[in-house]
Amino acid sequence: MIEAFWGWPPPVLDPAGPYASSVTTLAWALFGLSVFVTAVVIAALWVAVKGPARWKAMLGGERAIWIGGVAFPGVVLTALLVWGLTLTASLTEPIRGDEMRIRVTGEMWWFRVQYLDGSGAVIMEDANEIHIPAGVPVVLELESADVIHSFWVPHLSGKKDMIPGRRTLLRVEADRAGEFGGVCAEYCGMQHALMGFVAVAHEPPAWEEWRQGRTQALAPADLANGPPDEAGSQGQSLFMESGCAACHRVAGTQATGLAGPDLTHVGSRRTLGAGILPNNRGTMMGWIGDSQSIKPGNRMPSYDVLSAEEIEAIATWLGQQQ
Amino acid sequence: MALAVGLAGCKNPVETRREPDSAATERGLVAIRQAGCGACHQIPGLDWPRGRLGPSLEGFDDVGLIAGQLPNRPDVLAAFVRNAPAAKPGSTMPAMPVTPQQAEDIAAYLYGLDHD
């Protein structure tokens, strides 16, 4: 379903930042070079089979082997190595430590997103959506809660594995505001293909506004999003009673579960089910009542024991969590 | 003239049987994907998702009444797709974020399903 929003697969040759840009340039260069080499090989084959005798002799001579087999690859590959390393040097530059940090953890089958302060403490929790300021490099701390996943936003950078028990770092940067689709790029189980997310780059002032809205909403004094209306409050109590709160956290309520995605701002997310469904009341109801049909094997059971009215009430309340 | 008389003499097709134009049905399937209708409904032509919370829409072109209650006409169906609780009070299908044009296209798609 992600294809409805950001193209599927995410366009890999459409960089939107310096890191992705260098990878794309290198990819085009390798592609061009391989086309050239293939053309030369095909031409040589033609000469070997159908060419004039004099050319055949030249092709079979020792000189041809020295030039075509040693000098050409030696020079070209060395130049390519030096140029490629220079071009992509920014990808492997050491992390300074003062960059903005976001921890992204691969789960079964979604992405946990935690915004960190300078000391590494978590200041905001989110899921399947990564908000960054445009024009600023951001360091992502990649982790995994289960198997090896791989983090990939083709618009912003190369792939990086998310390895259990290890923290890998990936720097990303967007040079313009926009929404960029991302996926898990390492086969991680049955619903690997339905493990997506979106990286949202804001202009810096807009990002600051977004950040302030988020941190304020998380302050305990500011209970979630104000008192829910009648439909919402019924949904809230059903959410707590039906066991949803055991796995999901909603800041400012008794829901403090950590197993599933943080739902504090779920109503404002672009997608549901990790980048796979558009987020609206209909899809929210479908997901709550029947998530196992949509994404079989995911860790949320289908709540088909609830009536349609109860599911709608919960969906209404969750939609209010902006 | 004779042709017109001859045509008029033909039996009218079933009231619900319609042949919507193919451009509209194509747009309809795109709108169905974008709105996420598959989260709750199994819809022919949509491989995934195939949700089971709502009724399957297989053979929808042949059903008599929309949601068992409303006359199965394109305008009624489009209104139902857009705002089911308003079209049929008590409906558990919520209002969907689709434009009136998209709702018409979705209705066209549903009428254009297999004729069997």
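The values are calculated or read from the model by the stated rules, or taken from the named source; none is laboratory data. Just so it is clear, the structure is predicted and the values come from calculations on it, not from any experiment. We place every Cβ from the backbone using ideal geometry, glycine too, and count neighbours over all the protein chains shown. Accessible surface areas use protein heavy atoms only, side chains included; no ligands, DNA or RNA. Shrake-Rupley method; radii C 1.70, N 1.55, O 1.52, S 1.80 Å.
Specify the residue that is nearest to the other protein chains (Cβ to nearest Cβ); the eligible residues are those in the range A:281-321 that are assigned to a loop (DSSP other than H, G, I, E, B) and among the basic types (Lys, Arg). Can you show your working first?
Our first condition is that a residue be assigned to a loop (DSSP other than H, G, I, E, B); within the range A:281-321, this holds for A:295-307, A:321.
Still in the list and also among the basic types (Lys, Arg): A:295, A:299.
Working: A:Lys295: 8, A:Arg299: 17 Å.
So the residue we want is A:Lys295.
Looking at A:Gly273 and the list (1) open to solvent by less than 40 Å² (accessible area, probe 1.4 Å); (2) more than 10 Å from every other protein chain (Cβ to nearest Cβ), which single condition is not satisfied?
That leaves (2) as the condition not met.
Return yes or no: is A:Thr24 loosely packed, with under 13 Cβ neighbours inside 10 Å and of a type in the set (S, T, N, Q)?
Working: loosely packed, with under 13 Cβ neighbours inside 10 Å: no; of a type in the set (S, T, N, Q): yes.
When the stated conditions are applied, A:Thr24 does not pass them.
In the range B:68-98, what count of residues is obtained for those that are under 20 Å from A:Met284 (Cβ atoms) and outside any helix (DSSP H, G or I)? I'd like the intermediate steps shown before the answer.
As a first pass, look at the range B:68-98 and keep what is under 20 Å from A:Met284 (Cβ atoms): B:80-86, B:90-98.
Retained after the next criterion (residues that are outside any helix (DSSP H, G or I)): B:83, B:90-98.
Here the count works out to 10.
Taking the conditions exactly as written (away from chain A (no Cβ under 14 Å) and closer than 23 Å to B:Arg27 by Cβ), does B:Asn83 satisfy them or not?
no
Any idea how many residues of the range B:89-116 are touching a Phe, Trp or Tyr at 6+ places or on another chain (Cβ under 7 Å) and at pLDDT 90 or above? Don't jump to the end; show me each part of the working.
Within the range B:89-116, the first condition is being touching a Phe, Trp or Tyr at 6+ places or on another chain (Cβ under 7 Å), and the residues that meet it are B:110, B:113.
Checking the rest, the ones that are also at pLDDT 90 or above come to B:110.
So the answer is 1.
Look through the range B:38-49, keep the residues that are more than 7 Å from chain A (Cβ to nearest Cβ) and among the hydrophobic types (A, V, I, L, M, F, W, C), and return whichever of them is surrounded by the most Cβ atoms within 10 Å (Cβ to Cβ). Even if it seems obvious, please write down each step before you answer.
Filtering the range B:38-49 for residues more than 7 Å from chain A (Cβ to nearest Cβ) gives B:38, B:41-48.
Then keep just the ones that are among the hydrophobic types (A, V, I, L, M, F, W, C); that gives B:43, B:46, B:48.
Values: B:Ile43: 23, B:Leu46: 16, B:Trp48: 14.
My answer is B:Ile43.
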